[in-house]
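Read-outs throughout are calculated quantities, based only on the coordinates presented, and are distinct from any laboratory measurement. The structure displayed is predicted, hence computed values, not measured ones. Please note: Cβ atoms are built from the backbone with ideal geometry, for glycine as well, and neighbour counts cover all protein chains shown.
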Amino acid sequence: MDVAIAGGHGQIALLLAERLAARGDRAFALIRNPEHADDVRRAGAEPVVCDLEASTAAQVAESLGDVDAVVFAAGAGPGSGEGRKWTVDFGAGATLLAACKVAGVKRYVMVSAIRANTPPPTGGDVFGEYLRAKAAADRALEVSGMDWTVVRPGRLTDDPPTGRVNAAHVLDRGDISRADVAEVLAWVLNTPGTVHVAFDVVGGPVRIEEAVAKIGR
Ligand SMILES: NC(=O)c1ccc[n+]([C@@H]2O[C@H](COP(=O)([O-])OP(=O)(O)OC[C@H]3O[C@@H](n4cnc5c(N)ncnc54)[C@H](OP(=O)(O)O)[C@@H]3O)[C@@H](O)[C@H]2O)c1
């Protein structure tokens, strides 16, 4: 399977690229900084320079070529203000969606965030704005006619992989390592039953393969 990863130099993205390469899939990392090309090559992905805030859907479609699936793993990051929550966490996701339609790519896996399905209607400072932007991106995808999956991880850590999680349509908050999220995404791409499913995922006791299969049933 050929997979384009938006935000390809991100921490989850690099871990996902390693897993995809290890099982013989081809990963294309959409990066905005050409200096990140060697890092993504080392992770096993092919770099494609594409700034999702500065490109049109047609330009992003060119970058996608004829991939089988996209994963949106970009994000404005913790130091960013409210404006970039909308230009990246919502806007870049929406541009990628429009690009998929131009390029004829049907499968779209979104890295969302726990509580993005119930954002505060107003307030909550930058985090509230982040949740509203993620919610808007998820909603746009869910009504798009695409073969979508929305994965909502809890608070991310850099802990080593456990290979085990707790996944359900709605969970209380919890932590999960980026490595385990990457493994979940890899299994989601391989599990057709996860199409049109949105779910929360945090650390837990269930083997990832099993947890994803169950959520896709
Ligand atoms: N932090 C949490 O606890 C938490 C919890 C749940 C979900 N999430 C979500 O999970 C996502 C992935 O997490 P992570 O830790 O892997 O993120 P990360 O390391 O911050 O990676 C985000 C990537 O997005 C890229 N990006 C930003 N603007 C872009 C643009 N205009 N065009 C293309 N790429 C762009 C960044 O590129 P540069 O490298 O060039 O800056 C970066 O590589 C987060 O962004 C967030 O939405 C986070």
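A few remarks follow.
- Number of residues in the stretch 140-189 that are under 23 Å from Gly7 (Cα atoms), within 15 Å of the ligand (Cβ to nearest atom) and surrounded by 20 or more Cβ atoms within 10 Å (Cβ to Cβ): the value is 19.
- Residue check, Val126 touching a residue at least 40 places away in the same chain (Cβ under 8 Å), surrounded by fewer than 17 Cβ atoms within 10 Å (Cβ to Cβ) and among the β-branched types (Val, Ile, Thr): yes
- Among the residues examined, Cys100 qualifies as under 20 Å from Leu185 (Cβ atoms) and more than 9 Å from the ligand (Cβ to nearest atom).
- Hits in the stretch 19-53 (condition: surrounded by fewer than 17 Cβ atoms within 10 Å (Cβ to Cβ) and more than 8 Å from the ligand (Cβ to nearest atom)): Ala21, Ala22, Arg23, Gly24, Arg26, Pro34, Glu35, Asp38, Arg41, Arg42, Glu46, Val49
- Picking from residues in the stretch 103-132 that are among the charged types (D, E, K, R) and either assigned to a loop (DSSP other than H, G, I, E, B) or closer than 23 Å to Ser177 by Cα (or both), the one that is nearest to the ligand (Cβ to nearest atom) is Arg115.
- Filtered by the rule that a residue be within 13 Å of the ligand (Cβ to nearest atom), within 17 Å of Ser63 (Cβ to Cβ) and in contact (Cβ under 8 Å) with a residue 60 or more places away in the chain, the stretch 1-18 gives Ala4, Ile5, Ala6, Gly7, Gly8, Gly10, Ala13.
- Of all the residues in the stretch 176-216, those that are part of a helix (DSSP H, G or I), among the small types (Gly, Ala, Ser) and within 14 Å of the chain's Cα centre (by Cα) number 3.
- Some residue of the stretch 43-50 being more than 25 Å from Leu156 (Cα to Cα) and aliphatic (A, V, I, L, M): yes
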